[in-house]
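Novice: First the structure, then my questions, so here it is.
Values in this text are rule-based calculations from the coordinates and carry no lab data. Note that the structure is predicted; figures quoted are calculated from it, not measured. Heads up, the Cβs are rebuilt from the backbone with ideal geometry, glycines too, and the neighbour counts pull from every protein chain shown.
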Amino acid sequence: TIALAPPPTAWRPCDAGRSGGSLVGGPAIKSPPADLGGRTAATPAVRAVTGAVLVAVASQRRRRRDSGPGAALRVLSLGSAGGRGPGRARGEEEEAAMSRCYLHLLGKAEEAKLQAMRERVPSVVAKVREQCNAAAAGEHLRIWGVDIEAQSHASDIVLLKFVRAEDLSVERAAERLEQTLKFRADSGLDSLVDQELPQHFQGHDTIGGMDAEGRPLMISRYGKMDNQKVFGDPDAFVRYRLQIMEEAMAQLRFEAGALEDLCQIHDYSGVSLLFKSDEVKNGVAAMTKVFSAHYPETKGKTIFVKFPLLFSKLFQAFSIFIPEKTRKKFIILGEADHTMLFDHVPPEVLPEDMGGMLAAPGAAGRGLTGRCQSASLGPRQSEVMELAQVASAPATVAWELRVCSHDVAYELFFEPENGGQEQLVAKSEPREPLLASQGVLRGEYLASEAGVLRCRFRNEKAWFQHRLCLSRAECVA
């Protein structure tokens, strides 16, 4: 395994739940000053991610944090925080200005704030270069690949993120920008995505595709993590999450009118309620401080899938502390909530193990990329779906189908255009339905004449539950 190369200066963690050593082969991460408290959940059943929620909420009730009441959910999500400044109520006029503080929506007042922020950049950069050797050595200072010193649509979008995060205060936004530039230079973030992480951090995250609204998609799975190795060293855990976040942010276009934030999916399949709370709490607390300070306005939507019922109940209990605007960014889904999941993320970009149609790298068969059709079957219902039309023969038709939960019976058949007898392509056996655990069933059919490929799904075994079925096909030759 290739170790992470340290930046020119070595930083030490502070206020991250422990004062332990630096990341093996890489720099320690310096967290911004903030107090997350040290309180631990009272019972073993919730000594896990939920313990971190309790800590954040308890601390938030003791004092107003700079990142606002959304901190509890940022801890829970293990993802980036779109942290704002002091959580004070805004008047209608200020709220309206906030809603226009995007490059393609600027009014005169918002344009003036952007211009004031632009004018602060040279002095901010000069101060950073003066105080930070790593920044002085670099030709350009960048945030998420954007040259912050060059005036462009991309740099304006980044600057406006800092302005919005600080409730339209240019002074505070400039101070926050300064701290972020120092942090990025000292921790070597621009080169982090090209470095190989230790083996125990690999294989848990997928970046690619877009959600239904066009946000870049980032999927993180926690069920197969070794808690001691992944969370045990807060510095290493933070650096791991930073690499994933930097790779995801690189998917943004930074163009006027384009979406500026991410869709994150947290898959809790196989997550035990008996997490070792100290490891998880310390790692997540350290990460939350860093992300809330240096990744403003990056959280678009966070979806929790296969979320344990106990965690869901805790979320409902603590959601009263979270502003409605922030709360709407969190979607909690159970084991079989695929219909709701597909409302937010198309099945074409979701992996098979999450109920989607995206083939795993190296999977057998021809992976299709077109749009999927879906059908929800009630008990004892059936439905026929048209998969592909063959206009001229001969033609090879590749097809895919699946059921998202439980099981379903199916028949795949071809109807000739001339009204001839339909041809059976594939079918399930009477006592051997297609199972959700089988994932996507793939195959090809050689059509010798023009016609239509169809699939008939039948929900034969269920008395109460629906079955959600997916299918698609296309002529490939």
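Novice: What Kirkwood hydrodynamic radius do you get for the range 373-475 when you take the inverse of the mean 1/r over all pairs of distinct Cα atoms, in Å?
Specialist: Values: mean 1/r = 0.0722 Å⁻¹.
Answer for the range 373-475: a Kirkwood hydrodynamic radius of 13.8 Å.
Novice: Among F457, A473, F413, flag the residue with its Cα farthest along the positive direction of the charge dipole of the range 373-475, charges on Cβ as +1 for Lys/Arg and -1 for Asp/Glu.
Specialist: Farthest towards the positive pole: F457.
Novice: Provide R371, R402 in ascending order of the number of other Cβ atoms located within 10 Å of each residue's Cβ, fewest first. Mind dumping the intermediate values first?
Specialist: Numbers: R371 11, R402 24.
If I rank by nearby Cβ atoms, fewest first, I get R371, R402.
Novice: Nearest 0.05, what FRET efficiency do K127 and K325 give at R0 = 30 Å with Cβ-Cβ as r? Kindly include the intermediate steps, with their values, before the conclusion.
Specialist: Details: r = 33 Å, r/R0 = 1.10.
Computed FRET efficiency for K127 and K325 comes out at 0.35.
Novice: In a solvent-free Debye calculation with one equal scatterer on each Cα, what is log10 I(q)/I(0) for the range 205-297 at q = 0.20, 0.26 Å⁻¹, listed in the order of the q values?
Specialist: Scattering profile of the range 205-297, log10 relative to I(0): -1.04, -1.39.
Novice: Now, a different point. Which log10 I(q)/I(0) values, to two decimals, does the range 166-241 give at q = 0.11, 0.25 Å⁻¹ under the Debye formula with one point per Cα?
Specialist: The Debye formula, applied to the Cα set alone, gives -0.46, -1.10.
Novice: Normalized C-alpha radius of gyration of the range 368-432, against 2.2 N^0.38 Å?
Specialist: 1.27
Novice: Also: On average, how much area does the Cα convex hull of the range 140-270 cover when viewed from any direction, in nm²?
Specialist: Working: hull surface 36.7 nm².
The directionally averaged projection comes out at 9.2 nm².
Novice: What does the extension gain come out to for K224 and Q179, with contour length at 0.36 nm per residue minus their alpha carbon separation? Let's see the in-between values first.
Specialist: Values: separation 45, 0.36 × 45 = 16.20 nm, distance 3.48 nm.
Length difference between fully extended and current span is 12.7 nm.
Novice: Quote to one decimal, in nm, the extra length available between R431 and S169 on full extension: 0.36 nm per residue of separation minus the C-alpha distance between them.
Specialist: Details: separation 262, 0.36 × 262 = 94.32 nm, distance 6.62 nm.
Between R431 and S169, full extension yields an extra 87.7 nm.
Novice: Can you pull the one-decimal nm distance between simple spin-label points at E449 and S269, each 7 Å off the Cα toward Cβ?
Specialist: In this crude label model, E449 to S269 measures out at 4.3 nm.
Novice: Would you mind putting 389-400, 420-431, 260-271 in packing order, based on average other-beta-carbon counts within 10 Å, highest first? Kindly include the intermediate steps, with their values, before the conclusion.
Specialist: Details: 389-400: 16.5, 420-431: 12.2, 260-271: 20.9.
Descending mean neighbour count gives 260-271, 389-400, 420-431.
Novice: From Cα coordinates alone, what are the radius of gyration and Dmax values for the range 236-340 in angstrom?
Specialist: Every Cα atom of the range 236-340 included, Rg and Dmax give 15.2, 46 Å.
Novice: Within 13 Å, Cβ to Cβ, of A116, how many net charges do the neighbouring residues add up to if Lys/Arg are +1 and Asp/Glu are -1? Each step should come with its number before you reach the end.
Specialist: Details: positive: K108, K113, R118, R120, R172; negative: E110, E111, E119, D156, E166, E171.
Every neighbour counted, the sum reads -1.
Novice: For D407, D194, D343, which order do you get if you count the other beta carbons within 10 Å of each Cβ and list the fewest first? Walk me through the numbers on the way to the answer.
Specialist: Working: D407 18, D194 8, D343 11.
Listed from fewest to most nearby Cβ atoms, that is D194, D343, D407.
Novice: A further question follows. Where Lys and Arg each count +1 and Asp and Glu each count -1, what net charge lies around E260 among other residues with Cβ under 13 Å from its Cβ? Walk me through the numbers before you get to the answer.
Specialist: Details: positive: K161, R164, R215, R253, K299, K301; negative: D156, E213, E255, D261, E297.
After counting each charged neighbour, the total is +1.
Novice: Give the residues of the range 354-376 whose amide nitrogen is closer than 20 Å to a point set 7 Å from the Cα of Q202 in the direction of its Cβ.
Specialist: 360-363
Novice: Right, another one. Could you give the length gained on full extension between A360 and R456, defined as 0.36 nm per residue of separation minus the Cα-Cα distance, in nm?
Specialist: On the way: separation 96, 0.36 × 96 = 34.56 nm, distance 2.59 nm.
Between A360 and R456, full extension yields an extra 32.0 nm.
Novice: Give the distance, in whole Å, between the Cα centre of the range 336-381 and the Cα centre of the range 166-219.
Specialist: The distance from the Cα centre of the range 336-381 to that of the range 166-219 comes to 29 Å.
Novice: Pop a pseudo-label 7 angstrom from the Cα along the beta-carbon direction at both D147 and E255 and give the gap in nm to one decimal.
Specialist: Simple spin-label model gives 2.0 nm for this pair.
Novice: Under 16 Å from the 7 Å Cα→Cβ point of A112, by amide nitrogen: which residues of the range 143-187?
Specialist: From the range 143-187, the list is 168-171.
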